[in-house]
There are 2 protein chains.
Amino acid sequence: MKAFGNGFVVTPWEVEGEVDYEKLLAYFGVDRITDEMLGRVERLVGDVHPFLRRQIFYAHRDFNVALDEYSSGGRFFLYTGIAPSKGPMHFGHLVPFLFTRWLQKAFNVNLYIMVPDEEKYLAKKVDSLRAVDERVADVERIISALGFDPDRTFLFRDREYIAHLYDAAVVVARRINYSVARAVFGFRGDTSIGLVFYPALQIVPTLFERSRSVIPCAIDQDPYWRIQRDIAEKIGYKKASTILSKFMPGLDGPSGKMSASKPDSTIFVTDDPETVRRKIMNAYTSGQPTVAEQREKGGNPDTCSVYKWHSLFTPDDEELVDIFSDCRAGNLLCGDCKLRLLKRVQGVLDEIRENQKNAERNLKMIKYEGELATRMWDWKFEYD
Amino acid sequence: MKAFGNGFVVTPWEVEGEVDYEKLLAYFGVDRITDEMLGRVERLVGDVHPFLRRQIFYAHRDFNVALDEYSSGGRFFLYTGIAPSKGPMHFGHLVPFLFTRWLQKAFNVNLYIMVPDEEKYLAKKVDSLRAVDERVADVERIISALGFDPDRTFLFRDREYIAHLYDAAVVVARRINYSVARAVFGFRGDTSIGLVFYPALQIVPTLFERSRSVIPCAIDQDPYWRIQRDIAEKIGYKKASTILSKFMPGLDGPSGKMSASKPDSTIFVTDDPETVRRKIMNAYTSGQPTVAEQREKGGNPDTCSVYKWHSLFTPDDEELVDIFSDCRAGNLLCGDCKLRLLKRVQGVLDEIRENQKNAERNLKMIKYEGELATRMWDWKFEYD
């Protein structure tokens, strides 16, 4: 793990435009994932995912406790989700799923994937439930092609699974006062009462098991889970643990974020090869104005979108360090660097496309017929 | 119908303590049920229930429109409910159910009975869902003994039926902003987000059919339904009609209201005969201090709790007029008057007790196996 621990950080994401990730730790009151923790992960599962090594997932709440429990023979379970909105899935959605997939494999644990097929409608981001349903179908197809363990994964849509969720949502909702929800979620007078209730539903999967839930998500999502942590033990469950990532960098500049609303900032899973190529070849780099200058002075990977994407999708540390050094030294030109990234990105897309051949079967497993799914269709929340 | 239309109102409930029912009409912006409307009801169904004749249900919204639609071959449907809370059912709950039963029989229409087995828990009036469940069982047993049409009645608990309700609740909830809900329901910062969402669920049964819902309820409940009326037509349904009652008078004085929190103000369906007798014999009357004075000066039925209860449970108008006149004239003493009321009240209770023999079968019908219930377990909200 040469890429960290020696002061040399190959993923210089610390300041994104206005974002100072060091300050965010204090702001959200969460802990940095330390080298010691990474060493522990490696001893436990023999491997550390690049997203961890590179401090893309860089902070946490109680992940050390989850590891303690795991070390002494207990288990945690994973929980993530995606709320279908207007656009198709893009790489900003994919990153947490890819990381979650690794976590599931490495720790051999259950994973619950919530597809809230009402949230964006209640948030007035989508105009009809029918439009949501169409997006849900796309999202499910892609998730089913990511290779989650078919017997340890349960994917559910809120509206389809609500009969199982509602008892627990009621118990949770009673314990969340409007003023708290307003403070955390920024509700206003024109917020729909459906969206006000929604956080209760989002908490329910953390109660699917008596063991600890571990939730990989972006750092700005942490407050949502603080509500869970205020409630869980009072109703006989464990506080959720979070593993928190930085914001996914866009292709369009040093302060950009991947976003569906800026189609050139990211790659959609549905983009055809020509579009993918165009987006990557047009991506922002912080090289020199001319090839000659680039050869002479070298580039600036620290502020380069393409390099940031390499840090996501070039898993081999030595290769990444080489890219960094070669760029700095003026030996790697932006065009070549982009072509190397293109190959990586196409690799991710090819795998998904390939897996989609079995998507229908996989989807059936993680929704209804796999071991965990079967059990969850019998699950009932136990209340007092 | 000699009891109204000639200026002689035998149920002098117009001013209850602070309540001026005439002013409430203006306050809520609802219409009085006119003699003309009562005449129309009589022509349509051959009968007018005493609660209507006596202006206990005295106001409405669009009930005339529901009658128009009925007259031209359409149908409305009835919707009522009861939220199980701490105490057992009492006569304050019974009155609207008895009236609804008559409406169902008279108009031969479908009736939906919602048992929100989360509302009082979310409102923090009950401390556990388990406690609610126990109350639900009692409430269901009593409702099933009231003699609703087994094939035209559907009784459901929210938490059991939620899979069918949720799609529609989401569509409704999106259209209710928090500020509106706060204004109507008086939500505050310490209101649970579950209670904030609940009004959306309560509106759903008005969307069970494309025809108009008619909701018998107390006049202070009308604002809840105004939200429905703001939304319904925008999503392709009809505005709910309400038939609005005055507040049920307690046994304990001229300004009292029946209330579970004052056990002597009302009769619980579970009260044993001795308790019933005691409560009625101890009820407030506005007679004279001595028998001699009562014979000489007469009593004051206008402000007498026992007389008000007679107006609820002595259905024959001539008999009621006789009680009124005999009291006024000093010919009917309070003790005798109470004994007559006791007989009436016991009659209602005896009927329920008698019917409870078949309650299990009846309950199965209105919950699962009757014609309407069977259909409703296949019902799905159609959304855009």
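The values are calculated or read from the model by the stated rules, or taken from the named source; none is laboratory data. Since the model is a prediction, treat every value here as computed from it, not as a measurement. Glycine gets a Cβ as well: all are built from the backbone with ideal geometry, and neighbour counts include every protein chain shown. Heads up: the accessible areas ignore ligands, DNA and RNA and are worked out on the full protein's heavy atoms, side chains in. Shrake-Rupley method; radii C 1.70, N 1.55, O 1.52, S 1.80 Å.
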* Structure fact -> Nearest 10, in degrees from 0 to 90: the angle of helix B:35-45 to the longest Cα principal axis of chain B is 70
* To do: Would you mind telling me the antiparallel percentage of the DSSP bridges in chain B, rounded to 5?
  => 35
* Build a GNM of chain B with springs between Cα atoms under 10 Å: which of B:374, B:153, B:285 gets the top mean-square fluctuation? -> B:374
* Difference of contour (0.36 nm per residue) and Cα-Cα distance, residue B:221 to residue B:276 -> 16.9 nm
* Asked: Which residue, A:110, A:362, A:64, tops the fluctuation ranking in a GNM of chain A built on C-alpha contacts under 10 Å?
  -> A:64
* At a probe radius of 1.4 Å, what is the per-residue accessible area of residue A:318, in Å² to the nearest 10? -> 120
* Given label points at 7 Å from Cα along Cα→Cβ, what nm distances, shortest first, separate residue A:291 from the same residue in every other copy? -> 12.3
* Take the Cβ-Cβ distance between residue A:190 and residue B:68 as r, set R0 to 41 Å, and report the resulting FRET efficiency rounded to the nearest 0.05. => 0.70
* Between segment A:341-358 and segment A:77-119, what is the C-alpha centre distance in whole Å? -> 17
* To do: Run the 1.4 Å probe and let me know the accessible area of residue A:33, rounded to the nearest 10 Å².
  => 20
* Structure fact -> Taking every residue of A:158-170, the Cβ atoms of other protein chains inside 10 Å of its Cβ average out to 5
* All lysines inside 17 Å of residue A:234 as judged from Cα atoms, apart from same-chain residues fewer than 8 positions distant -> B:124
* segment B:248-295 shape via C-alpha gyration tensor axes, a/c threshold 1.5 -> oblate
* Tabulate in residue order the Karplus-calculated ³J(HN,Hα) for segment A:243-257, using 6.51 cos²θ - 1.76 cosθ + 1.60 with θ = phi - 60°, rounded to whole Hz; enter x for Gly and Pro. => 10, 10, 9, 6, 7, 5, x, x, 7, 9, x, x, 10, x, 10
* Placed amide H near residue A:266: partners under 5 Å, 5+ positions off or other chain -> A:251, A:259
* Looking at segment B:21-250, send over the antiparallel percent of its DSSP beta bridges, to the nearest 5. => 25
* To do: Would you mind checking the tilt of helix B:334-355 against the longest principal axis of the Cα atoms of chain B, expressed as 0 to 90 degrees and rounded to 10?
  => 30
* Asked: Rounded, prolate or oblate: which fits the protein assembly as shown when a ≥ b ≥ c are the square roots of the eigenvalues of the alpha-carbon gyration tensor, with rounded for a/c under 1.5 and prolate only if a/b beats b/c?
  -> prolate
* **Segment residue A:234-residue A:262, length gained on full extension (0.36 nm per residue, minus Cα span)** => 5.8 nm
* Mind listing the long-range amide H neighbours of residue B:111? Cut-off is under 5 Å, sequence gap 5 or more, other chains count too, H placed in the peptide plane at 1.01 Å from N. => B:78, B:153, B:154
* Asked: Just counting partner chain Cβ atoms within 10 Å, what average do the residues of peptide B:180-188 show around their Cβ?
  -> 2
* Asked: Expressed in nm to one decimal, what extension gain is obtained for the pair residue A:124 and residue A:382 from 0.36 nm per residue of sequence separation less their Cα-Cα distance?
  -> 89.6 nm
* **Three-way shape label, segment A:82-176, alpha-carbon gyration tensor, a/c 1.5** => oblate
* Asked: Under the rule of -39500 (n - 2.57) per DSSP H run of 4 or more residues, summed and divided by the residues of chain B, what mean residue ellipticity at 222 nm is obtained, to the nearest 500 deg cm²/dmol?
  -> -14500 deg cm²/dmol
* Asked: Going by accessible area, probe 1.4 Å, with all protein chains left in place, what is the ranking of A:314, A:270, largest first?
  -> A:270, A:314
* Of the options B:273, A:123, B:28, report the single residue whose Cα projects farthest towards the positive end of the charge dipole of the protein assembly as shown (beta-carbon charges: Lys, Arg +1; Asp, Glu -1). => B:28
* Structure fact -> Mean-square fluctuation maximum in Gaussian network of chain B, Cα pairs under 10 Å, restricted to B:257, B:367, B:357, hits B:357
* To do: Quickly work out the residue A:138-to-residue A:75 label distance, labels modelled 7 Å from Cα along the C-beta direction, and quote it in nm with one decimal.
  => 3.5
* Against the longest alpha carbon principal axis of chain B, how many degrees, from 0 to 90 and to the nearest 10, is the axis of helix B:158-174 turned? -> 70
* Per residue of segment B:223-230, in order, report the coupling 6.51 cos²θ - 1.76 cosθ + 1.60 (Karplus, θ = phi - 60°) as ³J(HN,Hα) in whole Hz, putting x for Gly and Pro. => x, 4, 7, 5, 5, 4, 5, 6
* Structure fact -> Per the charge dipole of the protein assembly as shown (beta-carbon charges, Lys/Arg positive, Asp/Glu negative, Cα centre), the residue among A:90, B:211, B:109 reaching farthest to the positive end is A:90
* For an R0 of 60 angstrom, estimate the FRET efficiency from the Cβ-Cβ distance between residue B:131 and residue A:292 and round to the nearest 0.05. => 0.15
* Short version: ³J(HN,Hα) in whole Hz for each residue of segment A:112-119, in order, from phi by Karplus 6.51 cos²θ - 1.76 cosθ + 1.60 (θ = phi - 60°), x for Gly and Pro, what are they? -> 10, 10, 8, 10, x, 8, 9, 4
